[in-house]
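A short reminder: the numbers here are calculations on the coordinates, not readings from a lab. From a predicted model like this one, the values you see are computed outputs, not experimental measurements. In this analysis, Cβ positions are derived from the backbone assuming ideal geometry, glycine residues included, and neighbour counts consider all displayed protein chains.
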Amino acid sequence: MSRIGRWVRVSGVVVAAGFLFAGVAPAQDKAAPAKTAHKYIGADKCKACHMSEAKGNQYGSWMKSAHAKAYETLAGEKALAYAKEKAMAKPPQETAECLACHVTGHGKAADLFEATFKKEQGVSCESCHGPGSDYKDMKIMKDRAAAVAAGLVVPDEKTCTGCHNDKSPTFKGFVYKDMLAKVAHPNPAKAAK
């Protein structure tokens, strides 16, 4: 007798065995709830709490950095010349290889980006600190352990070298300690504690 022609009882319900083998699980099996993925919210959401001079104006520091202009640079002369030289099918601002390091979260599923996220912000806060949807609240951010548990990434050298490496066409070396000093944006209020 074929599987489909066979009938079995599962959790009090008679079903065709072929369907059981196709992935229908018995009703009493309870799967663990799926963990919700943290979502990208965009630098403007970070700005609200990270713009105060008394707290170090991290947003202002980022705005002055090359990271904030990373997407924009893909429309510049050097990027366009590189694309032409490599016979790229699309302009750099539309090429996955370029966007991977020039846009926060590029390549992640579309449902991981809230409407407030803007790719034009380039390499923003969440490139280094992780998607902020679950740690953005002040009560969470006041407790570092809670923020980390909610998705805050404490960046390290590996975070940076994910993009700053010899696979980049403009790579000229990377000394973590030196580069970290260039992008440092400490909160003086926390340093005083």
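Overview of values
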quantity: From phi via Karplus (6.51, -1.76, 1.60), per-residue ³J(HN,Hα) for the range 96-111 in Hz, x at Gly/Pro; calculated: 4, 4, 7, 5, 3, 10, 10, 9, 3, x, 4, x, 7, 4, 4, 6
quantity: Cα-based Rg / Dmax (Å) for the range 43-191; calculated: 16.2, 50
quantity: Ordering of 81-92, 96-107 by burial proxy (mean other Cβ atoms within 10 Å per residue, highest first); calculated: 96-107, 81-92
quantity: Net charge of neighbours whose Cβ lies under 12 Å from the Cβ of Ala48, counting Lys and Arg as +1 and Asp and Glu as -1; calculated: +2
quantity: When each of Lys45/Lys177; Lys108/Lys167; Lys45/Lys119 is checked by Cα-Cα distance, pairs over 22 Å; calculated: Lys45/Lys177
